[in-house]
Amino acid sequence: MSGKDTQFEIPEQIRDFADKSIDHARKAFDDYVRQSRQAIAGFEEQAEKMKSDSKDVQERILDQAEENVAAAMDYARQMVNAGSSADLVEIQRSFLEQQMKALTEQSKDMAEAAQAAMAAMTKPPEK
């Protein structure tokens, strides 16, 4: 090595090939980033839907709890104000009948809410 810079020429075909390779790599990377962003957006959409469904279920649970407590308070008030043992038996029978109906409806409501939430969770994100 004599200290002179040696110049070399890259053939035009190799430059073209390298340029095309870089373009292909850039396009592949851009496609990857675009698809990743779409997937993330889909996950965020699904998470928002799950959050919304979860909030709906929580509100239903609180509504049902409120109904059950109100029914229990009404039952207690009726029991306190009963005039005879026959009244107590009738109040008890009526309360149990109403609670069984309420439980049936509440169970049905919760099953429907759970099915809707599961359907939303298993639904593929929209593109």
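Is it fair to say Asp30 is part of a helix (DSSP H, G or I), surrounded by 12 or more Cβ atoms within 10 Å (Cβ to Cβ), modelled with pLDDT of 90 or more and among the acidic types (Asp, Glu)? When the stated conditions are applied, Asp30 does not pass them.
Restricting Ala76, Ala102, Ala82, Ala71 to those that are modelled with pLDDT under 90 and on the phi < 0 side of the Ramachandran plot reduces the list to Ala82.
Considering each residue of segment 53-107, count those that are hydrophobic (A, V, I, L, M, F, W, C) and either in contact (Cβ under 8 Å) with a residue 60 or more places away in the chain or farther than 30 Å from Met118 by Cα (or both), and give that number. Summing the residues that are hydrophobic (A, V, I, L, M, F, W, C) and either in contact (Cβ under 8 Å) with a residue 60 or more places away in the chain or farther than 30 Å from Met118 by Cα (or both) in segment 53-107 gives 15. Here is the figure for segment 83-127: residues that are surrounded by 10 or more Cβ atoms within 10 Å (Cβ to Cβ), of a type in the set (Ser, Thr, Tyr) and under 36 Å from the mean Cα position of the chain (by Cα) total 2. Taking the conditions (1) at pLDDT 90 or above; (2) surrounded by 12 or more Cβ atoms within 10 Å (Cβ to Cβ); (3) hydrophobic (A, V, I, L, M, F, W, C) in turn, Met50 satisfies each one other than (1).
The values are calculated or read from the model by the stated rules, or taken from the named source; none is laboratory data. Computed from a prediction, not measured in an experiment: that's the story for all the values here. Positions of Cβ are backbone-derived with ideal geometry, glycine not excepted, and every protein chain shown enters the neighbour counts.
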